[in-house]
Amino acid sequence: MRKASRNRRLQDKENQGENFEEYKRPHRPPTKLLLPQRLIATKHQGPLTIFAFSDYRIHDFEPLLEYVDKLGKKPDLIVYAGDDIMRFAPPSLESLHISAYNEKYPEELVDAGVSTQRGGCCSSSLFGFMLLLSKRFNGSAWDRVSAMLKLVRDIRKALEEQRLQSPEALQEFLARISPSFKVEMVNDPFGSETREVIIKDETARTKVLTLELDESGRLREPQPEFEHGYWILDSMSGDEAPPCVKVYEDKRYFYYYIAANQPKRNFFEELAKRAKYGLVAIIGNDEGPVARAWIYGENVYDLHGTLFKVGPFLITGLEGSTDGMGDSGKYLEGDVRLRLEFVQRMLKQDEKLIIVSHTPPRGVL
């Protein structure tokens, strides 16, 4: 049934012809980002032994590492052909985007942002969080996060017990915790009748938490679609706050990356150590180009931006797909042709081209 369904989709796209290519065209990256930016070359003689796999979505990593260890012969190269890239490692600290905050009271905990090749930034709590720790705060980043998560849980409990029904009751509640916490009410920036109730720390000069007033004027947690900061971090954390890593500082704040709900190890790097020349990988169609930031480590290479040459073998990658599905599924057929023609011109006589493609050859599935 799955094969028949896929074949019908392929036939539909063939019937659309050029219209389907036009549908994808607005989503394509600039031409210069379609081509590899560097060449990594290493000497090698004889056959090339490759261990390749893809779509490692839910499986444990330890059995995979054990399997590679028991191969008997160390492979020359390990290849991963995409999808669920972010399971393999936390984002690299070098890829994190540091935003400048000019507000008098910026949000203390924001979604982590990762820089993109287009010079922008993609932010999501799925990447972790960035903590703005005031230089006025007397304590560690972990102390601050732990205290704020406790505040979230205390407020939740008080709301459930109906002990916090108004901003005034919230202010009295906060005064028993810290005199620097102040409550401010503002209109919903999205234009609804809901009013936001913001907790500010006047010493740290940050916005700590945001609650809401419902239609009857009673205090409540923010609705799930508007939750951010410590509310989300609390739902991701266990009994203890996640690790905090300092990545930057300016005149007012230290910036700490909080690796909430992130892998604790770089499995790409651990796999690379089990091969003679390391590991090469591409992203699949289900994740956006920002996922390339998760392909890093010692002897770990992203095959979209890197051509990898091992002796007479030139290896290139075709990430995503052209089928229109997924965040990286809208490459044009012409994009693939351009990339392959570019690489083909780099081949010398008697050299072999190896293509690592997330999309399997037509007719395989």
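How do 310, 145 rank when sorted from fewest to most other Cβ atoms within 10 Å of their own Cβ?
310, 145
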5 angstrom amide H check on residue 329, placed H, neighbours 5+ away: 321
Packing-based exposure ordering (other Cβ within 10 Å, fewest first) of 206, 49: 49, 206
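Mean separation of Cα pairs under 8 Å and 6+ residues apart, divided by the residue count of region 48-103: what relative contact order is that in percent?
Result for region 48-103 is 48 percent.
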For residue 209, residues with placed amide H under 5 Å, excluding near neighbours: 199
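Take every DSSP beta bridge with both residues inside region 33-187 and express the antiparallel ones as a percent of the total, to the nearest 5.
65
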Volume per residue of the C-alpha convex hull in the chain, rounded to whole Å³: 199
Likely footprinting exposure, 130, 325, fewest C-beta neighbours within 10 Å first: 325, 130
Loop sites in region 268-365: trypsin sites (Lys or Arg not before Pro), DSSP, at most 12 other Cβ within 10 Å: 345, 348, 362
Under Karplus coefficients 6.51, -1.76 and 1.60, residue-wise ³J(HN,Hα) of region 151-156 in Hz, glycine/proline x: 4, 4, 5, 5, 5, 4
Low-density loop cleavage sites - GluC sites (Glu not before Pro) in region 79-141, where at most 12 other Cβ are within 10 Å (DSSP): 103
Pairwise centroid distance, computed over Cα atoms, of region 29-46 with region 72-117, Å: 21
Derived scalar couplings ³J(HN,Hα) [region 22-35; Karplus, 6.51 cos²θ - 1.76 cosθ + 1.60; whole Hz; x for Gly, Pro]: 5, 4, 7, 4, x, 8, 6, x, x, 4, 5, 8, 7, 10
Karplus 3J(HN,Hα) series, Hz, for region 303-312 with 6.51 cos²θ - 1.76 cosθ + 1.60 (x for Gly, Pro): 7, 6, x, 10, 8, 10, 10, 10, x, x
About the Cα centre, charge dipole magnitude for the chain (Lys/Arg +1, Asp/Glu -1 at Cβ), debye: 1460
Mean separation of Cα contacts under 8 Å, 6 or more apart, over the residue count of the chain: relative contact order %: 24
Within region 225-256, GluC sites (Glu not before Pro) in DSSP loop having at most 16 other beta-carbon neighbours inside 10 Å: 227, 240
Antiparallel DSSP beta bridges within the chain, as percent of all bridges there, nearest 5: 65
Long-range HN-HN contacts of residue 356 with modeled amide H, under 5 Å: 316, 317, 318
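Computed from the coordinates by the stated procedures, all read-outs in this text should not be read as laboratory data. In this text the structure is predicted, and so the values were computed from the model without any measurement. Quick reminder, even Gly has a Cβ in these numbers, built from the backbone with ideal geometry, and neighbours come from all protein chains shown.
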